[in-house]
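Here is the structure we will look at, set down as structure tokens.
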Amino acid sequence: MPDHESWSTATALIHAGRPPREPGRPLSVPIEAASTYHAGGVSDYARDGTAGTAAVEEVVGLLEGGRAVAFSSGMAAADAILDAMPIGAHVVAPRVGYAGVSARLAELDRQGRIRLDRADLSDSTAALALLESSPGEVLWIESPSNPLLDVADIAALVRGAHAAGAEVVCDNTFATPLGQRPLDLGADMVMHSATKFLGGHSDLLLGVVVTRDEQRAADLVGRRTLLGAAPGALECFLAVRGMRTLPLRWARAQESAATLAERLRAHPRVTRVRYPGRGAIIAIEVTGGAEGADQVAGGTRLWVHATSLGGVESLIERRRRWAAESPEVPESLLRLSVGLEDPDDLWRDLATALDA
Ligand SMILES: *Cc1c(COP(=O)(O)O)cnc(C)c1O
């Protein structure tokens, strides 16, 4: 990218991760179908990194303000972080967080690979009290959390964790780097499921870890090679394309989500609305228990009944339909991912399903 530090993020995002401006060069990094390269170049083998991964990493690094390393999915990114922890590391993680990471942490704990404690991270004092100041101590933050939308005070948690000698990892999938930048708040590593808002079109799997520590970044690249968790060329291309419009998508989705949250609060079938005042995810509880919630999810025509979040299309899902979801998530909780449709159309469709 031409070096213009005065550019806003929105402008820099349009021009980051592109080939040099030279006659005959394409404007975007092409989708390169290759596992191996003529010897003697920057990378000989695609598992070590490609021009496609470098483009994703440049764009995400710009967004989060650090050195990004791309992985084949958000879970692969999380696993690379966990895999780097010393045997017996003590991890304090959210009591209710993303089900996949939560299940992986529980498995590593059962195997004796880590020692796991869970905390309500919206209570900083209680969460920090669990830290033991032992070597290899890690605080794993997810804020807002999936799917309960609990909000943590990242700056306070980082201060307390560092004072106890713990490293801090922050899953920033729900907030996006436009909502908050955990590295600016002192976190050691930030991770994303770029499958969600960063990619933004429900058409790829990708994960990233970002850090300001060059050694840690180099370790993560090495770990990606060893774990074989390299993203594909098409996924890298789509993720870069998706991130160019993140500011526009994020602004629109947030505005619609705020409108919908307000209207939902006034609807007689909705017993609780969880919306942290920003972001594009809303969780609601409805009357009629699991069955009532299933009827709503199955009764929309515009909202898509599907898992995941962060795409241009609005999605609705009852989280407890998954056996792996935490029993602390209410049976009637519906997670709404607000997309880019007209908010009045979204409201009419949702209200019709709620009224049925
Ligand atoms: C989806 C998700 C993940 C996992 O990412 P994948 O790309 O699906 O592997 C991790 N954390 C959060 C908060 C998520 O929503």
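Over segment 191-237, give the accessible area per residue in Å² for a 1.4 Å probe, as an integer.
39
Over the chain, with every protein chain in place, what whole percent of the accessible area is carbon and sulfur at 1.4 Å, could you tell me?
Here it works out to 52 percent.
Considering only protein heavy atoms, with the full assembly of protein chains and a 1.4 angstrom probe, order His162, His267, His38, His15 by accessible area, largest first.
If we order His162, His267, His38, His15 from most to least accessible, we get His38, His162, His15, His267.
Using helices alone, I'd like the mean residue ellipticity at 222 nm for the chain: each DSSP H run of four-plus residues gives -39500 (n - 2.57), total over residue count, nearest 500.
That comes out to -11000 deg cm²/dmol.
How far is it, in nm, from the label point at Ala34 to the one at His201 when both lie 7 Å from their Cα along the line to the Cβ?
Calculated label separation equals 2.4 nm.
Quick check for you: with a 1.4 Å probe and neighbouring chains kept, what is the accessible area per residue of segment 40-167, in Å²?
So segment 40-167 comes to 37 Å² accessible per residue, rounded to a whole number.
Label points 7 Å out from Cα along the Cβ direction at Trp322 and Glu22: separation in nm?
Result for the modelled spin labels: 4.5 nm.
Can you find, among Ala155, Val92, Ala258, the residue sitting farthest towards the positive end of the charge dipole of the chain, where Lys and Arg contribute +1 and Asp and Glu -1 at Cβ?
Ala258
Could you give me D for the chain, from Stokes-Einstein at 10 °C and 1.306 mPa s, where the hydrodynamic radius is the Kirkwood radius over C-alpha pairs? Units µm² s⁻¹, please.
Approximately 75 µm²/s, per Stokes-Einstein.
With the dipole of segment 205-326 worked out from charges on the C-beta (+1 for Lys and Arg, -1 for Asp and Glu) around the Cα centre, which of Val296, Val270, Gly232 lies farthest toward the positive end?
Highest projection toward the positive end goes to Val270.
I need the peptides 232-239, 186-193 ranked by packing, meaning the mean over residues of other C-beta atoms within 10 angstrom, with the highest value on top.
Packing proxy ranking, top to bottom: 186-193, 232-239.
Choose one answer from Gly242, Gly74, Gly97: the residue with the largest mean-square fluctuation in a GNM of the chain with alpha-carbon springs under 10 Å.
Gly242
Can you tell me the relative contact order of the chain? Whole percent, Cα pairs under 8 Å, sequence separation 6 or more.
For the chain, the relative contact order is 16 percent.
Using +1 on the beta carbon of Lys and Arg, -1 on that of Asp and Glu, and nothing else charged, what's the dipole of the chain about the Cα centre, debye to 20?
340
Using a simple spin-label model with points 7 Å from Cα along the Cα→Cβ vector, what separation in nm is obtained for Ala356 and Glu255?
3.0
Using alpha carbon coordinates only, what is the Rg to Rh ratio of segment 1-47, with Rh defined as the Kirkwood radius?
Looking at segment 1-47, the ratio lands at 1.08.
List the extent of the Cα atoms of segment 127-212 along each of their three principal axes, largest first, rounded to whole Å.
The Cα atoms of segment 127-212 stretch 42, 26, 19 Å along the principal axes, largest first.
Only Lys, Arg, Asp and Glu count, each charged at its Cβ (+1, +1, -1, -1), so figure out the dipole size of segment 110-222 about its Cα centre, rounded to 20 debye.
The calculation lands at about 180 debye.
Expected output is a single nm value to one decimal: the length gained when fully extending between Arg159 and Asp342, i.e. 0.36 nm times separation in residues minus the C-alpha distance. What is it?
The Arg159-Asp342 span can extend by a further 61.7 nm.
Work from the charge dipole of the chain (Cβ charges, +1 for Lys and Arg, -1 for Asp and Glu, about the Cα centre) and give the residue of Leu346, Leu334, Thr307 farthest towards its positive end.
Leu346
The values are calculated or read from the model by the stated rules, or taken from the named source; none is laboratory data. All of these numbers come straight from a predicted model, not from anything done at the bench. Cβ sites come from the backbone with ideal geometry, for glycine too, and all protein chains shown count toward neighbours. Each accessible area value is taken on the protein alone, full model and side chains, heavy atoms only, with ligands, DNA and RNA left out. Shrake-Rupley method; radii C 1.70, N 1.55, O 1.52, S 1.80 Å.
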